[in-house]
Amino acid sequence: MSYAGHPLSLSRLTAPPFPLLPPPTTAVFSAAIGYTPLFSPVKFHRLSLLRSSGSRDNYIGNGGGGAGGNGKNNGGSGGGDWWSNFFNFDKRRSLLLLPIFRNEDTFIDSVLSCKPLLLFLVSASSSITCCLLLASFVQAKTNNGEIVHEIRGGKRFELVPDYSKDEFVLTKTMWSRLLPDSKSGSFVSNLWMQCKELTTTLLLPEGFPDSVTSDYLEYALWRGVQGVAAQISGVLATQALLYAVGLGKGAIPTAAAVNWVLKDGIGYLSKILLSNYGRHFDVNPKSWRLFADLLENAAYGLEILTPAFPHLFVPIGAVAGAGRSAASLIQAATRSCFYAGFAAQRNFAEVIAKGEAQGMVSKAIGIMLGIALANCTRSSTSLALASFGVVTWIHMFCNLKSYHSIQLRTLNPYRASLVFSEYLLSGLVPSVKEVNDEEPLFPAAILNLKAAYETQMEVLSVHAKQAAAGIVRRLQLGSKLSDVATSREDVLALFELYKNEGYILTEHEGRFCIVLKESSSPQDMLKSLFHVNYLYWLETKAGIKSSSVANDCRPGGRLQMSLEYVEREFNHVKTDGEVAGWVTDSLIARPLPNRIRLDYTAVSSVAEG
C-alpha cells in the first residue's frame, strides 16, 4: 500500500504501542526479546506520511537505565524507570494532529510536563466509563424487561426498583434525563424540560401551583419586569450622584464621603418617622404600594438631576434619600400583606423566600441592563432623564398590572361594604375577583380614568358600589361616646340595646359612629360594619331616617330593628363569604384609639335612680 509515492506499513496491533509495566533494567534482556514498537507518530500538517520502518528507530528508545540509557533518542537520563518511559514519546509530534496545538511548542511542553495530572485524568475517565457501563448493565439485568414510568407534567420518567426500601424510585442518571430516545423526545426538548424544572424549583414555592393562590404567577411575572426597570433607574441615579459628588473631576475624597453620609443619614429619618403609620398599610396595601412606587421614581428623578446642581448635592440628595427610604419601608410592609394572601397552604416563609429569590434575579438583570444604558448616557443629564422617563413608564405600567392581578381575600372597610351591599341587594356574596377588580387604586377624582385603558363588563351593581363608597366616607370607627350621646336618656338607651354586643352604633351628624368597647374584637368590628350597611340600606331603599337616639333604640325603632336583622343574618353572610373565598374572621381597619368600659351594675342603678 502506498500514499503520495511513499510506501506504508500498517502492522496489525497485537500489543500495546508502549509498555505499561516497568521494562527490564538490562539492555541485554531488551535486545533478547526483540521488542519493536508497532507504530510511529504521523504529521499531517506537512501533507506527508512518515515511513514506519524509518521512523521506528528514531523516536522510540530502547529503555535506558543507569547513567544515560542506550536508546537512540537518549531516553533515560538517570533512573530510566517505567514512569518516565510511559511519558517518553514525542509529545509535540503526537499533538500536532490537533490543529489548535500547531506552533505552540512552549505551551505543549508545559502542559505535558504535568505527568501526575495527565495520569489522574486518564485514570478518572477510565473509571467513570467503567462505572457507567457497569451501572447500565446492572440496570438492564434488574429490569427483567419490565419498565415502569411515572407521568409528571406531560412527560414520562422511568422508575427503577429499590429493593432496600421495597419501592420504585425515579432514576437520577443524566443519561435517562437528557439523551434522546424514541419515547421521550429530542435532546433539546428534554434539556428544556430540565431547565424549566430547575427554574421552578429555585423560584417558585414547593407544590406550585397548588401551594399558592391563582393570582400568584401573574403577579410574580409583572413584578419581575418592574423589578428590572426599577434597578435600571437605580443604576442611572447612582451614576448621576457619583458625577454630582465630583467623581472624575478631582474632588476631595473626604468631602465626597461626608456629603454622601449626610445625604443618607438625613434620608433615614423618614423611615423612622413613617413606621408610626404601619397600621394604615394593612388596610389599603395596594394604594400604599402604588404611592411608594411613585415616591421611589420621584426620588430617582431628583438624583438624576443632581449633576445639573452640584452645589445643592446635600439637600437634593437628602430629599431623594428620604423618599427612597420611605418607599422601601412601605414596600417591605405591603409585600408581607401580599405574600400572606398568596400562601394558600399557610406556607408564608416559603412564599416570602421565593419572592426574594425572584427579586434577586430581577435585580441582577436590571443591573446589567442599567450598566449598559449608563455607558451610553455617561455624564449627559438630558440623555439620562430621557432614558429614565422611558424606564419609569415601563415601571409604573408593570406596577399597575401587578396590583390589579392581586386578589386580596381579607376584608377592609371598602371591600366589606361592597360585599355586604351586594348581599343586601341580591342575596349573593360576590367573588374575590369581582370585588378586587372594583377596588380603586387612586383617589376618587382620578378613579374615572380607569376605563380609559381597561374596559371590563360590569359585574357588581352600581348601587352596591355607590353604597360602599358612601359608607366608607361616612364611617367613623372608634368614636367617643361623649361625642355621639349628649343626654342621660340616650346613653342609657344605647347601653341597654347593645349590652350583648362588643360595639355601640348610632348616627350622629350624618356619620355612622361606632363606639368600641374594651372587649371589642376584630370580629365585632366586622359585625358593626354589616350593621352600618343595613342602616344605609334602610335609609336609601326604605326611606327610614334617624330621629333621635332614644327613639331609635325603642322596639320598632331604626337601631333596634336593624340590630335584630344583623343578629339573624350575620352568620349567614359569614358562611356565604367563606364559601366565596373571603377571610371573614376579622376586619382590617384602623379605628381611633377610643374604648369604653361598662359596669352594668352601676348602669342599672343609675337607670333605676
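The values are calculated or read from the model by the stated rules, or taken from the named source; none is laboratory data. Computed from a prediction, not measured in an experiment: that's the story for all the values here. Because the Cβ atoms are built from the backbone with ideal geometry, glycine has one as well, and the counts that use them run over all protein chains shown. For accessibility, only protein heavy atoms count, side chains too; no ligands or nucleic acids. Shrake-Rupley method; radii C 1.70, N 1.55, O 1.52, S 1.80 Å.
Overview of values
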read-out	value
Selected residue (criterion: surrounded by the fewest Cβ atoms within 10 Å (Cβ to Cβ)) from residues of segment 431-461 that are β-branched (Val, Ile, Thr) and at pLDDT below 90	Thr455
Filtered residues of segment 350-409 (kept if farther than 20 Å from Leu221 by Cα, outside any helix (DSSP H, G or I) and under 24 Å from the mean Cα position of the chain (by Cα))	Arg409
Selection status of Ser519, in a loop (DSSP other than H, G, I, E, B), out of contact with any His (no Cβ under 7 Å at 6 or more places or on another chain) and within 21 Å of Asp490 (Cα to Cα)	no
Yes/no for Ala340 being in a helix (DSSP H, G or I), more than 24 Å from Lys527 (Cα to Cα), assigned by the TED database to the domain that holds Ile304 and open to solvent by 40 Å² or more (accessible area, probe 1.4 Å)	no
Residue within segment 311-319 that is farther than 29 Å from Pro285 by Cβ, open to solvent by 50 Å² or more (accessible area, probe 1.4 Å), modelled with pLDDT under 90 and among the aromatic types (Phe, Trp, Tyr) present	no
Residue in segment 556-574 that is open to solvent by 40 Å² or more (accessible area, probe 1.4 Å), within 21 Å of Arg474 (Cβ to Cβ) and of a type in the set (Gly, Ala, Ser) present	no
Subset of segment 371-402 [within 27 Å of Lys286 (Cβ to Cβ) and open to solvent by less than 60 Å² (accessible area, probe 1.4 Å)]	Phe388, Gly389, Val391, Thr392, His395, Met396, Cys398, Asn399, Leu400, Ser402
When residues of segment 535-550 are limited to those that are surrounded by 15 or more Cβ atoms within 10 Å (Cβ to Cβ) and not hydroxyl-bearing (Ser, Thr, Tyr), the one nearest to Leu492 (Cα to Cα)	Ala550
Per-region count, segment 493-510, residues more than 52 Å from the chain's Cα centre (by Cα) and either of a type in the set (Lys, Arg) or open to solvent by 40 Å² or more (accessible area, probe 1.4 Å) (or both)	1
Residue match in segment 226-238 (condition: part of a helix (DSSP H, G or I), at pLDDT below 90, of a type in the set (A, V, I, L, M, F, W, C) and out of contact with any Ser or Thr (no Cβ under 7 Å at 6 or more places or on another chain))	no
Segment 217-231 residues that are touching a residue at least 60 places away in the same chain (Cβ under 8 Å) and under 17 Å from His404 (Cα atoms), paired with ones that are assigned to a helix (DSSP H, G or I) and acidic (Asp, Glu) (beta carbon under 9 Å, 6 or more apart)	Gln226/Asp293
Qualifying positions in segment 536-582 - assigned to a loop (DSSP other than H, G, I, E, B) and basic (Lys, Arg)	Lys541, Lys545, Arg554
